[in-house]
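Structure first, commentary second.
The values are calculated or read from the model by the stated rules, or taken from the named source; none is laboratory data. Predicted model only: the values in this text are computed from it and were never measured. Positions of Cβ are generated from backbone atoms using ideal geometry, with glycine treated the same way; all protein chains shown enter the neighbour counts. Note: areas computed on protein heavy atoms with side chains; ligands, DNA, RNA excluded. Shrake-Rupley method; radii C 1.70, N 1.55, O 1.52, S 1.80 Å.
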Amino acid sequence: MIFHRHFRHSVPLLAVAGLILGTWACPLPAADAPKPDQEPPVVDPGPVGGPPADAIVLFDGKDLTQFRGERSPEPKWKVEGGVMETTPGGGLFSKEEFTDCQVHVEWASPSVPKGSGQGRGNSGVYLMGRYEIQVLDCHSNKTYPNGQCGAFYGHSAPLVNACRKPGEWQSYDIIFRAPKKLPDGKVQPGSFTVLHNGILIQDHIPVGEKSTAAAPLSGLVEKGPLYLQDHGNPVRYRNVWVRRL
Ligand code: MG
């Protein structure tokens, strides 16, 4: 009888706890997600690696017109041979702002590695200027797990180390859902899913209000720019595009 009474009161509590945990672990899909009987629109995927026809191309090898500089209106990165390279004058912010999106970036750390730990080929891809997927040469280079290559910096280590050798081109494919403020003031967490060189390294990891430490931007907002970090190491980028989700 005592057990029965206890269990009866536990059911609603368990249901509420389950709802809270479920909301945290499984952010809701975008409001415009297609219905089961709705025919999906056609998208021309373009060449392997993209950009697809519906992508916003931020860098196609020609110029930096889609970016502004971190410390100057004009971006200072070097563009040569279809590739852009960090310079010590600060990172790049995309002029366009994004919320939920899919991002493709190709990058390469210096072919002759210099430094160690966080000082070796450090850069980063920041969603909304706040949440960093770390770029770092982690081929034969150790650092703390939630700061290594492919980490959601300061939050989540990658599932595996999928780094190629220094100087070789690598890819990130990132699915980002932004955290959102609900009408009742609570925050619905977003999420990161990331493939590094085609390998799953972040699997639907929650993204809350807390930005990456020392991110150039912070605070919960509706949208924000893509930011590519200058961390004092010459890291190259090419083929950068974004699809709004
Ligand atoms: Mg970094």
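The residue that is farthest from the ligand (Cβ to nearest atom), counting only those in the range 98-122 that are among the small types (Gly, Ala, Ser) and touching a Lys or Arg at 6+ places or on another chain (Cβ under 9 Å), is Ser111. Within the range 193-245, restricting attention to residues that are open to solvent by 60 Å² or more (accessible area, probe 1.4 Å) and among the acidic types (Asp, Glu), the residue that is farthest from Gly46 (Cα to Cα) is Glu209.
Residue selection: Lys142 satisfies the criterion of being away from the ligand (no atom under 15 Å from the Cβ) and more than 21 Å from Pro234 (Cβ to Cβ). Among the conditions (1) within 17 Å of Val240 (Cβ to Cβ); (2) among the small types (Gly, Ala, Ser); (3) part of a loop (DSSP other than H, G, I, E, B); (4) under 21 Å from the mean Cα position of the chain (by Cα), Gly46 misses just one, which is (4).
Evaluate the range 157-180: report whether one residue or more is within 14 Å of the ligand (Cβ to nearest atom), in contact with a Gly (Cβ under 6 Å, 6 or more places away or on another chain), at negative phi and not acidic (Asp, Glu). Yes. Close contacts from the range 53-75, counting a first residue that is surrounded by fewer than 16 Cβ atoms within 10 Å (Cβ to Cβ) and a second that is among the acidic types (Asp, Glu), with Cβ to Cβ under 6 Å and a gap of 6+ residues or different chains, come to Ala53/Asp44.
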